[in-house]
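The values are calculated or read from the model by the stated rules, or taken from the named source; none is laboratory data. As the structure is a computational prediction, the values presented were derived from the model and not from experiment. FYI the Cβ positions are ideal-geometry reconstructions off the backbone, even for glycines, and counts take in every protein chain you see.
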Amino acid sequence: MRARVAAELEQRYEASSLTLKGRVAVVTGSTSGIGLGVAQTLAGHGAAVMLNGFGSPSAIAGVIADLSREHRVPVAHSAADMSKPVEIAEMVAQTERDLGPVDILVNNAGIQFTAPVEDFPAERWDAILAINLSAVFHGIRAALPGMRRRNWGRIVNIASTHGLVGSVHKAAYVAAKHGVLGLTKVVALETATTGVTCNAICPGWVLTPLVEKQVADLAARERLSIDQARHALLAGKQPSGEFATPQQIGAAVAFLCSEGAAQIRGVALPVDGAWLAQ
Ligand code: NAD
């Protein structure tokens, strides 16, 4: 009797536990910003991590050394360019060789460009669609068969509030992020009876290099200080008046990877200081 109660309690603990010990995670675009915060959080919960993204070899070596020392998990880096489908498939194969089968795929890499739609360079449109949307498809296509075979997997797509609402001058970004949410729903339906889940997170403003550029552009355009431009950016959209942090996005990803989130499927979870509540 006692043993049965203990076993049940153990099972309940497992269901609510955030441990990812023994899991292998690929986080695209994790040399900076949100992806780095997600990689740090997943490593903190015990997952081995395949980093990806651009940066100097010494900076990347520094991130690998910090993460593995701090969390005592295996960490590696793939230089795959997310605009190249062949390199995305190779990133998944390299992860299997270096760290083991991919249990968690976080599709995070993304770029931004702003211009009125009639002035939007076609080449920027193609690049944003390739990296922010098509790479999500190619990553899922490469990682899902193994997850299905093992009947466990977590796919988390970093979309944006711009997956649900528009903003001026962001035609390609808004189109790509709406596409990511559509793809998330389809993959969630196709895996609904399996141990694989697919969800999206919709961050509002997060102060990363991608947003620092928009802050600098606004400061130059409106003759504001950087601090004033940061406040103006938030005031326009994010009622909390505060940026979300990469670590907070990481915490949401870790929750979606937990056993407690096994029946959360196909959702778009905002982490946006009430941006989408308006
Ligand atoms: P960031 O510029 O700080 O980081 C982007 C990462 O992607 C870097 O590691 C970079 O090296 C990598 N990357 C860029 N192009 C790549 C390519 N072709 N191949 C491989 N890696 C590539 O940006 P961020 O703000 O951390 O954004 C990360 C994700 O979060 C993006 O998908 C972005 O759309 C989304 N997002 C950001 C915010 C925000 O406020 N910062 C809000 C909503 C959504």
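Some points to look at:
- Test result for PHE113, within 21 Å of GLY163 (Cβ to Cβ) and away from the ligand (no atom under 16 Å from the Cβ): no
- Hey, PRO239 closer than 21 Å to LEU207 by Cβ, assigned to a loop (DSSP other than H, G, I, E, B) and either touching a residue at least 24 places away in the same chain (Cβ under 8 Å) or of a type in the set (Val, Ile, Thr) (or both) or not: yes
- Within the range 188-202, residues that are farther than 11 Å from VAL267 by Cα have Cβ atoms under 7 Å from residues that are polar (S, T, N, Q) and surrounded by fewer than 20 Cβ atoms within 10 Å (Cβ to Cβ) in these pairs: THR194/ASN151; GLY195/ASN151, counting only partners at least 6 apart in sequence or on another chain.
- Taken over the range 21-38, residues that are hydrophobic (A, V, I, L, M, F, W, C), in contact with a helix residue (DSSP H, G or I) (Cβ under 6 Å, 6 or more places away or on another chain) and within 22 Å of GLU212 (Cα to Cα) amount to 3.
- Taking the conditions (1) within 16 Å of the ligand (Cβ to nearest atom); (2) touching a helix residue (DSSP H, G or I) at 6+ places or on another chain (Cβ under 8 Å) in turn, ALA252 satisfies each one other than (2).
- Exactly one residue among ILE249, ILE201 is in contact with a Pro (Cβ under 6 Å, 6 or more places away or on another chain), within 15 Å of THR161 (Cα to Cα) and assigned by TED's automatic domain parsing to the domain that holds LEU20, and that residue is ILE249.
- In the range 119-132, the qualifying residues are those that are more than 10 Å from the ligand (Cβ to nearest atom) and not in a loop (DSSP other than H, G, I, E, B), and the one that is nearest to SER258 (Cα to Cα) is LEU129.
- Residue match in the range 220-228 (condition: surrounded by 14 or more Cβ atoms within 10 Å (Cβ to Cβ), hydroxyl-bearing (Ser, Thr, Tyr) and in a loop (DSSP other than H, G, I, E, B)): no
- Residues of the range 213-245 satisfying the condition of being closer than 16 Å to SER32 by Cα and at pLDDT 95 or above: ALA244, THR245
- Counted residues, the range 93-127 - those being buried (at least 24 other Cβ atoms within 10 Å of the Cβ) and under 21 Å from GLY179 (Cβ atoms): 6
- Out of THR41, THR95, sole residue that is in a helix (DSSP H, G or I), more than 24 Å from GLU212 (Cβ to Cβ), among the hydroxyl-bearing types (Ser, Thr, Tyr) and within 15 Å of the ligand (Cβ to nearest atom): THR95
- Among residues of the range 190-212 being among the polar types (S, T, N, Q) and crowded, with 17+ Cβ neighbours inside 10 Å, the one that is modelled with the lowest pLDDT is THR208.
- Single match in ALA135, ALA143, ALA175 (criterion: assigned to a helix (DSSP H, G or I), more than 11 Å from the ligand (Cβ to nearest atom) and buried (at least 24 other Cβ atoms within 10 Å of the Cβ)): ALA143
- Test set (1) under 20 Å from VAL187 (Cβ atoms); (2) surrounded by fewer than 19 Cβ atoms within 10 Å (Cβ to Cβ) - VAL253 fails condition number: (2)
- Pairs are defined by a Cβ separation below 9 Å, a sequence spacing of at least 6 or placement on different chains, a first member in the range 147-158 that is assigned by TED's automatic domain parsing to the domain that holds ILE201 and more than 14 Å from the ligand (Cβ to nearest atom), and a second member that is of a type in the set (Ser, Thr, Tyr) and in a helix (DSSP H, G or I); the pairs so defined are ILE155/THR184.
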